Amino acid sequence: MILRQLLALPSWAGPVRVCSGESGLDRPLRTVKAALDASGTPAPGELVVLVRPLGSDWQIDALLRRCADTHAAGVLLPGAEPLAASRLLAERLSVPLLVTSADPLDLLVDARLALAAPDVDRAEAVLAAHRALGERLRPPEEIVTVLRRLLDAPVAVLDDRGEVLAGELAEAARVRVHEPVPQRVVLPDGVLLAHPAASVWLAAELTGTKAPRADVVAATLAVAAGALQRWLLAHRLELERDARSRSALLGDLLRQDTEPGADLRRRAADAGWRLGGWHVGLRIGVPADVDTVARTQEVVRALRAESIEAVTVEHGEGWTGWVTFDQEPTAERVRALSARLRAVHRSLRRTLDAHLGVGRPHADGLTATVAEATDAARLAATRPETGHFLHVDQLGMAQLLLEWTRTDTFEPAARALLAPLADVPGDLIRTLAAYLDAESSLAETATVLGIHRNTVAARVSRIEQLLHVDLSRPDERLALHLAARAVILARP
């Protein structure tokens, strides 16, 4: 053991303070002995604990010199700090000079116990964690609160991307979440400990005098990680049961060709779903390997961030949902909802390869609007030029125009029209299609393509120069829009 580890003991961390000689805290600590005065010669690795104040500071200076000569661990004084001259001497000799307001004999007993049985501290910490967490299932927020009290240090639960789910942690980004093993990261002023628990992490930061207790805290985190994992497994079972129930209810509703019966209406009411009113369906599709149950709350948070109160159900490879209006929504309200859903989609695509479709408003029934949203989402999955987002109203017009362009004569004409753009860097044809789809909005086009709006502006200017067109003219816009769509659809 070293003296720094002794100072990290809970009984020492509070009442004992290093007033000088901090550079010697890593000296080996072999024994702790009480002394009535400063006349003795300490042994190598000995911490001298004076049980009563000394009469004069020259005695302290003499003791410090003997400690330096014999490579003792340091000196603990009761009461007030010694004079500045003694502190300067301790600093020069690198002999730790400690002071305490507590009973020195109590501290001596705890120190000797730690030296004689170094695992006792760890065992007591583990037992304290077991007692505090108990057998009851506790959510992450409660576990963090308990650990923060036990460790007197910052604690947090992190998800599989390193984002904080509960608690606070300044150095959360240092946890290597792709390595599911217990971790210890050295910080400039301490250590960061992290322990995996199923799909999440439990982490704590130890700084200052708490850092030497890393081994003890690591064992405590392991106990707490077990409690966290039990809660996660139980919570997962509950989520899966609710998801199956909601998915089954949605399937029963969508299979209805007539007005739902009393039992189905009762199940919907129990789930908090409104069947009356006007519904606008939405469908979010994701790859098959996405855990939709685990990520439902992420979708719900993204919707609420745009002030959209929607029912969201895990359904197949993605989520089916709808927004309900008391009265038939105006075209303006539907457009505003569509714009907010596009913002939701942009937010989700930061972490999910998602495509989103939106249906039309339909009264007193979900089947029609959900079917439209599903068709729109299926087509959106193959349309990068729309940002993998489609509203069924846009889909209807687009399909009509595309049917007109699918002729043996139009596609060659479209290729010839756009030929000056074909070999120019920057995929100008896709840029042109996205720009016209976004009604000439530079910001929207930049979002769809994932580039800066200045880059879009430069590309649009280049397109006009190469084609010798003015994109503000409606007839030229229409011809180029159709040509761009035809060329893109003909690509492999």
Exercise. Can you name the condition, by its number, that ASP26 falls short on among (1) over 47 Å from the mean Cα position of the chain (by Cα); (2) within 24 Å of ARG122 (Cβ to Cβ); (3) not aromatic (Phe, Trp, Tyr)?
Worked result: (1)
Seminar exercise, completed: For strands (runs of 3 or more DSSP E) lying entirely in region 299-385, having 2 or more residues that are hydroxyl-bearing (Ser, Thr, Tyr) and surrounded by 15 or more Cβ atoms within 10 Å (Cβ to Cβ) picks out 318-325
Exercise. Got at least one residue in region 93-111 being over 47 Å from the mean Cα position of the chain (by Cα), over 20 Å from ARG4 (Cβ atoms) and assigned to a loop (DSSP other than H, G, I, E, B)?
Worked result: no
For this session: Could you check how many residues of region 276-301 are in contact with a Ser or Thr (Cβ under 9 Å, 6 or more places away or on another chain), among the β-branched types (Val, Ile, Thr) and in contact (Cβ under 8 Å) with a residue 60 or more places away in the chain?
Result: 3
Exercise. Does LEU379 satisfy the criteria of being modelled with pLDDT of 85 or more and at negative phi?
Worked result: no
For this session: Would you mind stating whether VAL280 is part of a strand (DSSP E or B) and not small (Gly, Ala, Ser)?
Result: yes
Seminar exercise, completed: LEU193 meets each of (1) more than 15 Å from VAL144 (Cβ to Cβ); (2) without any contact (Cβ under 8 Å) to a residue 40 or more places away in the chain; (3) of a type in the set (A, V, I, L, M, F, W, C) with one exception, condition (1)
For this session: Read through the list (1) surrounded by 14 or more Cβ atoms within 10 Å (Cβ to Cβ); (2) closer than 18 Å to ARG27 by Cβ, then give the number of the only condition that ASP69 fails.
Result: (1)
Problem set entry | Near pairs, Cβ below 9 angstrom, 6+ apart or cross-chain, from region 469-492 (without any contact (Cβ under 8 Å) to a residue 24 or more places away in the chain) to any residue that is hydrophobic (A, V, I, L, M, F, W, C) and in a loop (DSSP other than H, G, I, E, B) | GLU476/VAL469
Seminar exercise, completed: Among (1) surrounded by 14 or more Cβ atoms within 10 Å (Cβ to Cβ); (2) in a helix (DSSP H, G or I); (3) at pLDDT below 90, LEU89 falls short only on (3)
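The values are calculated or read from the model by the stated rules, or taken from the named source; none is laboratory data. Values in this document were obtained by computation on a predicted structure and should not be read as measured data. Ideal geometry is used to build each Cβ from the backbone, glycine not excepted, and the neighbour counts take in all protein chains shown.
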